[in-house]
Amino acid sequence: MDAEASPSRSVSGPLRGALRACRGAWRHAARLALDIALPTLCVACREPVDGEGVCADCWAKLSFIEPPYCPKLGIPFVYDPGPGLLSMEAIADPPAYARARAAVRYDDVARTLVHALKYQDRTDLAPAMGRWMARAGRELLAEADVLVPVPLHWRRGWSRRYNQSGALARVIARQAGVRVATEALRRVRPTQQQIGLSRSQRASNVQGAFKVAESRRSEIAGRRVVLVDDVLTSGATTDACARALLRAKAASVDVLVFARVVDTHRAPI
Ligand SMILES: [Zn+2]
């Protein structure tokens, strides 16, 4: 620092500017060289990995959700209760949407991926996560007309720069050949973070928070919609979005998320 600062004190203004530009260019080149030299690290364990975001070990730790699961909520069953049988949760507290599917259970590795995509600008994770979602939701996507990402409020979108659900929806759209309506569903009032809120607080927090823009109703009315989000927790946000889409006359609303919270304490049926 001192070695750099002392000679520049004795040089004239334009020369100082040229020196500074030189140093900037050098730093830029050094950073580029580092990017090329350093392998990508696994987002979960920081071991080197070949471009996919997670290493083979962490991939093996992800709990991919496979059948048998509740045909409505997509919650995995411990045993197969036979075709068409719903989970207790789906019967006791039916959601506004028709069906939900998730790629993985929301556990430690899944949480790391979601947080990296959401808060650390790791947009390079979206292709792998989106592909896993397209696979988990293939039954829904085969019947879908349009994908709708869960929107951020514009203020939150601004500070976080992009919507992670939108990034996932774009990958799924390419995989499944279904278009995305990015602007159709809007968050019309800011909501608190759902973290730390009870189930009923979560529901009232997002009550009336979403709306289909008048000018975009034609993108939703009469269409079979798949709502896309990163995580399904209590389902309050998803339900509020599904209600807004149904009010705008969507023909049906299904839900596709990367990870869903699975309450292991409850019996499957
Ligand atoms: Zn790893």
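The values are calculated or read from the model by the stated rules, or taken from the named source; none is laboratory data. Predicted model only: the values in this text are computed from it and were never measured. Ideal geometry is used to build each Cβ from the backbone, glycine not excepted, and the neighbour counts take in all protein chains shown. SASA here: full protein model, heavy atoms, side chains in, ligands and nucleic acids out. Shrake-Rupley method; radii C 1.70, N 1.55, O 1.52, S 1.80 Å.
Can you pull out every residue in segment 45-60 that is under 20 Å from the mean Cα position of the chain (by Cα) and either more than 9 Å from the ligand (Cβ to nearest atom) or modelled with pLDDT under 80 (or both)? Within segment 45-60, G51, E52, G53 meet the criteria. Applying the set (1) crowded, with 18+ Cβ neighbours inside 10 Å; (2) among the basic types (K, R); (3) within 16 Å of the ligand (Cβ to nearest atom) to R99 leaves exactly one unmet item: (3). The residues of segment 66-81 that are surrounded by 18 or more Cβ atoms within 10 Å (Cβ to Cβ) and aliphatic (A, V, I, L, M), listed by number, are L73, I75. Somewhere in segment 84-106, is a residue part of a loop (DSSP other than H, G, I, E, B), of a type in the set (V, I, T) and under 24 Å from the mean Cα position of the chain (by Cα)? Checking segment 84-106: not a single residue is part of a loop (DSSP other than H, G, I, E, B), of a type in the set (V, I, T) and under 24 Å from the mean Cα position of the chain (by Cα). Counting only strands (runs of 3 or more DSSP E) wholly contained in segment 128-244, no element carries 2 or more residues that are free of Cβ contacts under 8 Å to residues at least 24 places away in the same chain. Considering the conditions (1) of a type in the set (S, T, Y); (2) within 16 Å of the ligand (Cβ to nearest atom); (3) surrounded by 22 or more Cβ atoms within 10 Å (Cβ to Cβ), S63 is excluded by exactly one of them, (3).
Scanning segment 107-126 for residues that are modelled with pLDDT of 90 or more, assigned to a helix (DSSP H, G or I) and open to solvent by 10 Å² or more (accessible area, probe 1.4 Å) returns D108, V109, R111, T112, H115.
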